[in-house]
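To start, the structure under review is shown below, and the notes come after it.
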Amino acid sequence: MGPDFAEREQELLHHLWQRRHVAGPALVYAARATGRVRVPPPYVDYEGYNPYRQF
């Protein structure tokens, strides 16, 4: 990476933000095309012995 990387990245982000109405549909399509992210099941508090439970 060159010494001007942060400056160039900031400029790129600025231009992308200015053109967000054009890039939006493509980004939505790309996000949906990659598939869903797996989410762990919700926590279930089972009754009974639990050495980590604080009373």
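The values are calculated or read from the model by the stated rules, or taken from the named source; none is laboratory data. All figures in this text were calculated on a predicted structure; none of them were measured in a lab. Ideal geometry is used to build each Cβ from the backbone, glycine not excepted, and the neighbour counts take in all protein chains shown.
How many residues does the stretch 31-55 hold that are exposed (fewer than 10 other Cβ atoms within 10 Å of the Cβ) and assigned to a helix (DSSP H, G or I)?
2
Of all the residues that make up the stretch 26-55, how many are modelled with pLDDT of 75 or more and within 17 Å of the chain's Cα centre (by Cα)?
14
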